[in-house]
1. Could you state the number of Å between the C-alpha centres of segment 54-126 and segment 5-25?
2. Taking 22 Å as the cut-off for C-alpha to C-alpha distance, list the pairs among LYS6/LYS56; LYS56/LYS123; LYS7/LYS32; LYS48/LYS95; LYS95/LYS122; LYS7/LYS123 that go past it.
3. Which value at 222 nm does the chain reach when only helices count, each DSSP H run of 4 or more adding -39,500 (n - 2.57), with the total divided by all residues and rounded to the nearest 500 deg cm²/dmol?
4. Note down the nm distance, to one decimal, between modelled labels 7 Å out along Cα→Cβ at THR118 and at LYS6.
5. What number, in percent, do you get for the relative contact order of the chain if the mean sequence gap of Cα pairs under 8 Å and at least 6 apart is divided by its residue count?
6. Which net charge results when you count Lys and Arg as +1 and Asp and Glu as -1 among the other residues whose beta-carbon is under 9 Å from that of ILE10?
7. Tell me the accessible surface of LEU71 in square angstrom (1.4 angstrom probe, heavy atoms of protein chains only), to the nearest ten.
8. Sorted from largest to smallest, which semi-axis lengths in Å does the alpha carbon gyration tensor of the chain give for its equivalent ellipsoid, taking the root of 5 times each eigenvalue?
Amino acid sequence: MNPVDKKILILTSSTGGGHDSAAAALNTALEKNGAQCEVRNFLDFTPKAKKTVLSKGHVFIYRHAPLLFALGYRFEEVFPENLYANYARYAHPIKRYILNGGYDVVVCVHIFPMLMLTAAQKKYGY
């Protein structure tokens, strides 16, 4: 893809610094090549309480209870439909944001926003 004159939305997950760092690096590289980019936290499209619990809770659990963190990830691997259903309910707000923003490309640096986009595509033909 040639990024020149493209409007690109980069969806990150503020659940630790790594995803935001990856999004920022991607943003810098794409803008250097002529793209117009915006970086957004996918949790902005979820209720405020969910955003707070996920962003702060995620960091707390992986730092202070790594076994619980690993068990949670294992559960999601065994029962991925729970994870998909959880994020699919926010498909409409993210779809509306993307269409209203006139983005040519959406890049996800985390699986959760990708699940939201997949749901938007399935539900709305987007």
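1. For segment 5-25 versus segment 54-126, the Cα centre distance is 14 Å.
2. From the list (LYS6/LYS56; LYS56/LYS123; LYS7/LYS32; LYS48/LYS95; LYS95/LYS122; LYS7/LYS123), the Cα-Cα distance tops 22 Å for LYS6/LYS56; LYS56/LYS123; LYS7/LYS123.
3. -20000 deg cm²/dmol
4. 2.2 nm
5. Contact order relative to length: 35 percent.
6. Residues close to ILE10 contribute a combined charge of 0.
7. Answer for LEU71: close to 100 Å² accessible.
8. One finds semi-axes of 26, 18, 12 Å for the chain.
The values are calculated or read from the model by the stated rules, or taken from the named source; none is laboratory data. Fair warning: this is a prediction, and the values are worked out from it, not measured in the lab. A quick note on method: Cβ atoms are made from the backbone with ideal geometry, for glycine too, and the neighbour counts reach across all protein chains shown. Ligands, DNA and RNA are stripped out before the accessible areas are found, and what is left, the full protein with its side chains, is counted by its heavy atoms. Shrake-Rupley method; radii C 1.70, N 1.55, O 1.52, S 1.80 Å.
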